[in-house]
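Below: one structure, written as structure tokens.
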Amino acid sequence: MNKNSLLSMKDLSAQEILSILDDAKCFNSSHDDWQLPMRKALVANLFFEPSTRTHYSFESAEFQLGCKVSDFNAETSSVKKGETLYDTVKTFESIGYDAVVIRHPEDNYFAQLEDVTIPIINAGDGRGNHPTQCLLDLLTIYDEFDSFEGLNIVICGDIQHSRVAMSNKQALETLGANLVFAGPKEWQRPGFPTMDFDEAVEWADVVMMLRIQKERGAALVSQMSDAEYLEKYGLNKERYSRMKENAIIMHPAPVNRGVEIDSDLVECEKSRIFKQMYNGVLVRKAVIKRAFGLKPFKED
């Protein structure tokens with residue numbers, strides 16, 4: 001496996017995480033038009049699951065860096081003839097691609113790709129990992145608070161099926177944040193400390209809501225209605241009114257308005273949901289830069 005691959009947040013030290021975030025900040029300022037040697041590099045985006053934000057923010061980042069980009073379509077590929085993921089990725093390596101970005105429904109799909117020598121960037125694997133979503137979440141928090149040490153963060157919703165919850169747990173604990181989880185008991189995960197959400201909204205500096213992962217087997221708890229879920233487990237206006245003055249709201253999206261969060265709160269004063277999307281391009285530029293073995297800007 002290429003040492004510049006990014007597969008899981010647990011593979012990064014606190015220093016490496018902060019280095020990626022600092023690079024992302026640089027792309028938002030003096031390095032926006034920096035001439036990077038990855039120009040004309042061939043990058044393939046292999047998405048085996050539907051995606052809007054992750055897919056197209058990767059594509060935006062790649063184009064802005066000058067990469068030559070190919071979008072892989074599993075429905076019109078040899079995957080439909082039984083080709084394995086390994087053989088698909090080795091094909092891209094063999095025909096001259098310099099890196100691949102992969103989203104796949106199988107947990108830890110990358111374990112079967114150890115013999116691939118080009119960098120692999122994980123764009124999400126099943127319920128396992130979503131490192132670039134985590135990094136854009138971290139950048140959003142970093143922009144707001146300038147540090148992670150001692151911050152109180154609650155992640156609420158479908159914890160059991162969420163790769164976002166997993167990656168954020170790995171990173172935020174490494175960075176010294178105080179992290180708890182909330183939501184239906186049916187969706188709790190072993191080893192994930194819990195807090196009652198009504199208590200957590202008053203305690204937290206960051207309130208991160210999660211979507212119900214119906215495509216991974218999650219059903220609306222006890223068949224309750226959307227309005228009932230919002231009242232019991234979602235961020236409604238009453239809970240919003242009890243948040244800290246400087247607390248922020250986050251959500252990895254897509255957002256089910258009126259389910260995990262009141263529709264009026266998606267773009268409220270405390271919301272950073274669309275800022276997260278903006279930060280996604282900056283982070284993915286930094287991750288692609290890292291994949292090509294380039295030094296952090298601060299070391300140049």
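Considering only region 47-56, I want to know if a residue exists there that is exposed (fewer than 13 other Cβ atoms within 10 Å of the Cβ) and in contact (Cβ under 8 Å) with a residue 12 or more places away in the chain. Yes, region 47-56 contains at least one residue that is exposed (fewer than 13 other Cβ atoms within 10 Å of the Cβ) and in contact (Cβ under 8 Å) with a residue 12 or more places away in the chain. Considering only residues in region 10-46 that are at pLDDT 75 or above, of a type in the set (S, T, N, Q) and over 21 Å from Val69 (Cα atoms), the one that is surrounded by the most Cβ atoms within 10 Å (Cβ to Cβ) turns out to be Ser19.
Take the conditions surrounded by 14 or more Cβ atoms within 10 Å (Cβ to Cβ) and in contact (Cβ under 8 Å) with a residue 24 or more places away in the chain and apply them to Asp71. Does it pass? The answer is no for Asp71. Of all residues in region 211-242 being among the polar types (S, T, N, Q) and modelled with pLDDT of 95 or more, which is nearest to the chain's Cα centre (by Cα)? Step by step, filter region 211-242, then rank; the result is Asn236. All of Glu245, Glu299, Glu267 fail the test of being modelled with pLDDT of 95 or more and over 22 Å from the mean Cα position of the chain (by Cα), apart from Glu245. Between Ser70, Ser51, the distinction of being over 24 Å from Lys298 (Cα atoms) and part of a loop (DSSP other than H, G, I, E, B) belongs to Ser51 only.
The values are calculated or read from the model by the stated rules, or taken from the named source; none is laboratory data. These numbers come from a predicted model, not from an experiment. FYI the Cβ positions are ideal-geometry reconstructions off the backbone, even for glycines, and counts take in every protein chain you see.
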